[in-house]
Each structure stands twice: as C-alpha cells, then as structure tokens.
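Notes for the one structure printed next.
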Amino acid sequence: MLALLGVLTIAILLFLIMSKRASAIVALIVVPLLTGLAGGFGTELFGFMTEGIQTIAPTGVMFIFAILFFGILTDAGTFRPIIERLLRAAGRHPARIAVATALLAMMVHLDGSGAVTFLVTVPALLPLYDELKMPRTTLATIVALAAGTMNILPWGGPTLRAASALEVPVTELFNPMLLPVLAGLGFVLFLSYRMGLRAASGTGADPGNTEGISMELPETDPDLERPRLFWVNIAMILAAVVFLISGLAPPHVVFIIAFALAVTLNYPNLKQQADRINAHAKAALLMAGILFAAGCFTGILKGSGMIDAMAEGSVAVLPDWVGGHLAIITGVCSMPASLLFDPDSFYFGILPLLGSTAEYFGGDALEVGRAAISGQMTTGFPVSPLTGATYLLVGLTGVDLGDHQRKTIPYAFLTTLIILFVSLLVGAISL
C-alpha cells in the first residue's frame, strides 16, 4: 500500500510540474499531504513536514546568503576589470577568443544564474564572433558547456536540490566532486581551444591586431561600483571558497558572514544596503521557497515510510547487476535526462527513490547524488527544452535550437563522462 502511494505521489508530482498544471512549490507541498492523508496519516504529517524542513534549513539558508553575497559583489563591479582584461587579452585570435569565452562564462556563472551568464557573455562577444566570421554555434556551445559545468558548484541549483532530496549537507555531497569538476572545466577549456582552432581556418584573422574590436559589456550603475575595494572583494571570495571546501565552518555560516562583510564594506549606507538586498531578494527567496517545500515533500515520503516501501519494491524487480551499479547508470543517463526531466521533477521525484534503492543493494545514496549532478541540469541545462535559459541563449546568439542541440549535446555528454571517469578515479563514485 505504501509503495503504491509513493509511486502515485511521484507520478502526480511529475505530471503537475512537467505539464505546468501547478508550480513546483505548490506541488511539493500539496501532493504528499493528500497522498499521506489517503494513506491514513493524520496530524503525524505535520511532524514529518517539520523534520523535513529542519533537515533542509541549512541548505536553504546557504543558498539565500550565497546569492546575496555574489549579487552584492557583482553590483560592486568586482568581476568587471577581470572580464575586460580577459577580453583584451583574447585579441583577434580565434582560439584565444574561444578560451576567453569559456573563462568569461565560468566567471560570470559564479552566481549560479544561467540567464545572467548568457546576458553578460553573449552580447559582449557576439560582435567579435561576427566580425571574425566565427560560427555563432561555436559561441553558443562554448558558453553552454562552461555554464553547465559550473552549475555543479555547491550553491548551484542541481547540487542544492540533490543535497536537499537526500537530506545531506551540501559539502558532504560536493567536496569529493571538486577534482572531477575541475577536470570537467579543464576539458571544456580544451574543447573551446579546439573549436577556436577549427574556426581559425575560415577567419583570416590577424592575431596581433586588436583594433576595431567591438566588445561591449552591459552597462552598470557607476554609483554602485567600488573599484577601490576590488582586492578586498576578491579576498572575500577566496576566503569563502577556502572555508567552504575545507569544512572549517558550515556552508550556511560561511555565506552569512561573507554576505554581512560584503554588504557592510561595499555599501555602508543603510538605504543602499536595503536596495541591494531587495534587488536580489526575488532570486534568493524563490529557490529557497522551493527547497523548504521540498523539505515537506521528502519529510512526508520518508516519515511515512513510502520511500522505504518503494525501495523494497524496486529491489524485488531490478536485477542485481543493475542495483549494484545504480550510481554509474545514473551518471551516464544524467545528461540525457535533462532533455526529459526538469530539475525539480528529477531531484525531488526520482533521485530519492534511486538513492534508497541503491542503499538496499548495498550502495551509497550519496554516490548516486554525485552521479546525478554530473549531468542532470548541469552540463545538460543549456540544451534542455525544459529550461528558459536555453531559449535565452539561442535567442541571444540567433542560433536555431536544433542546430545548438546537435552541436552541443555530444560535447555536453562527453564532458559528463569525463567528470564521471575522474569521479571513479578519486573514489567519489565507486563501481
């Protein structure tokens, strides 16, 4: 009975979210409540929800303050001098331009927003690509690969969702993936260089000539920029990353302190502080709301025993060879799964069941989560027809969606396989 209710809960959740009949935040709360009531549970559901929310709380708090922290530093113009120097260094050499494109997208994607990455990177580089007759599909592919791989960062949406769904600290999920992610980023730079060389044969560009290059970054408010605090802000970013990776402090504490320092040093005026917080509050609270709603969802499914019942049922159906290698299977399928499942459907509906099933076969749910973030809405998000950011990217570059997918999907899948391979080498995922 519980297993059937669990399957019904996930099926209804997937239907409502993917058909856009209900928002993710509403579906995550209402669906498990109704199926829990149908299963004979009463006021116990409130306790399950509370336990789930308490488990998610540190992750939700981390996300809110991470978005505010990077938003404040972006407002202060911290990344602009680096971006401008990077663009100047690229000159007119197609291979260098391609690598600079990837580095720029990686840097801008530190805040975890695909839309912001595309809005900054594409307009800045599109005139140069056109001037040198470099294919626009190359620009779209490089930006997509760079942003997608960077989306695995601890404050990225997929990683936060995976940690929330598995009810584990985000650092426990991500830290073993640090080297694999760096390998993935290195591979993206290699691919970018190769694509740039391929484009060079048709450009006839003079690598030493930097005159007449049109590279315009989006306008910023000069009243908000703090050029004198550039090195202070860079030091804060480095310190936050060191504390985050080292585990010297919990992630939510790291970003709470980092945000407080950043907003105080850059905008000591109270009105400016309030304005800057309000400017980024929508993005921060929307995702945080989904995370807390997910806490209700996973809390009810686990507290009621639905997850365990479904996992036991899966063990009876799946062959041992499948169950024993669920992490690898999940990783290989993760990038293509971006074309079928949006992140909320996959991470809150599918991943908890995969994780529990893996544990019943003697595996580790955490490894399944690490395998999932290797591709599902990370390398796969900028080609997925289920994300608005994909349409923004092809719209800005003027590339046909089909052309973009045909060129980018093989590279994105290959990047996921590189991340998985290095994950196996370092023990983040086991065979």
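The values are calculated or read from the model by the stated rules, or taken from the named source; none is laboratory data. Predicted model only: the values in this text are computed from it and were never measured. Here the Cβ positions follow ideal geometry from the backbone for every residue, glycine too, while neighbour counts run over all protein chains shown.
Structure values in brief
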| quantity | calculated |
| --- | --- |
| Subset tally (residues that are surrounded by fewer than 20 Cβ atoms within 10 Å (Cβ to Cβ) and not in a helix (DSSP H, G or I)) for region 269-309 | 2 |
| Residue in region 235-252 that is under 24 Å from Pro154 (Cα atoms), assigned to a helix (DSSP H, G or I), at pLDDT 90 or above and in contact with a Ser or Thr (Cβ under 6 Å, 6 or more places away or on another chain) present | no |
| Test: residue in region 317-324 that is assigned to a helix (DSSP H, G or I), among the acidic types (Asp, Glu) and crowded, with 18+ Cβ neighbours inside 10 Å | no |
| Considering residues of region 84-102 that are touching a residue at least 24 places away in the same chain (Cβ under 8 Å), part of a helix (DSSP H, G or I) and out of contact with any helix residue (DSSP H, G or I) (no Cβ under 6 Å at 6 or more places or on another chain) only, the residue nearest to Ala240 (Cα to Cα) | Glu84 |
| Boolean, Ile72 is aliphatic (A, V, I, L, M) and under 20 Å from Phe174 (Cα atoms) | no |
| Residue count, region 40-57 (criterion: free of Cβ contacts under 8 Å to residues at least 12 places away in the same chain and in contact with a Leu (Cβ under 7 Å, 6 or more places away or on another chain)) | 0 |
| Residue that is under 14 Å from Ile56 (Cβ atoms) and more than 15 Å from the chain's Cα centre (by Cα), where the choices are Ile300, Ile329, Ile307, Ile290 | Ile300 |
| Among the candidates Asp320, Asp275, residue that is within 30 Å of Val422 (Cα to Cα) and out of contact with any Lys or Arg (no Cβ under 7 Å at 6 or more places or on another chain) | Asp320 |
| Given (1) outside any loop (DSSP other than H, G, I, E, B); (2) surrounded by fewer than 18 Cβ atoms within 10 Å (Cβ to Cβ); (3) in contact (Cβ under 8 Å) with a residue 60 or more places away in the chain, index of the condition Val422 fails | (2) |
| Which numbered condition Ile72 fails, given (1) in a helix (DSSP H, G or I); (2) of a type in the set (A, V, I, L, M); (3) within 18 Å of Thr408 (Cα to Cα) | (3) |
| Residue tally, condition at pLDDT below 80 and in a loop (DSSP other than H, G, I, E, B), over region 180-231 | 22 |
| Qualifying residue in region 380-393 (condition: closer than 20 Å to Leu326 by Cα, at pLDDT 90 or above, in contact with a helix residue (DSSP H, G or I) (Cβ under 6 Å, 6 or more places away or on another chain) and buried (at least 24 other Cβ atoms within 10 Å of the Cβ)) | yes |
| Residues of region 13-49 classified as surrounded by fewer than 19 Cβ atoms within 10 Å (Cβ to Cβ) and in contact with a Lys or Arg (Cβ under 8 Å, 6 or more places away or on another chain), total | 1 |
| Criterion: surrounded by fewer than 19 Cβ atoms within 10 Å (Cβ to Cβ) and either of a type in the set (Ser, Thr, Tyr) or touching a residue at least 40 places away in the same chain (Cβ under 8 Å) (or both) - qualifying residue of Gly398, Gly369, Gly362, Gly402 | Gly398 |
| Count of residues meeting criterion [part of a helix (DSSP H, G or I), of a type outside the set (A, V, I, L, M) and in contact (Cβ under 8 Å) with a residue 12 or more places away in the chain] in region 1-39 | 5 |
| Gly349 under 17 Å from the mean Cα position of the chain (by Cα), crowded, with 21+ Cβ neighbours inside 10 Å and not charged (D, E, K, R) | no |
| Near pairs, Cβ below 8 angstrom, 6+ apart or cross-chain, from region 129-149 (over 15 Å from Met335 (Cα atoms) and part of a helix (DSSP H, G or I)) to any residue that is modelled with pLDDT under 95 and among the aromatic types (Phe, Trp, Tyr) | Arg136/Tyr129; Thr138/Tyr129; Leu139/Tyr129; Val143/Phe118 |
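Residues are listed down the side, and each one gets a yes or a no for (1) under 30 Å from Trp321 (Cα atoms); (2) in contact with a strand residue (DSSP E or B) (Cβ under 7 Å, 6 or more places away or on another chain); (3) of a type in the set (Ser, Thr, Tyr):
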site: Pro343; (1), (2), (3): yes, no, no
site: Phe348; (1), (2), (3): yes, no, no
site: Tyr360; (1), (2), (3): yes, no, yes
site: Glu367; (1), (2), (3): yes, no, no
site: Gly395; (1), (2), (3): no, no, no
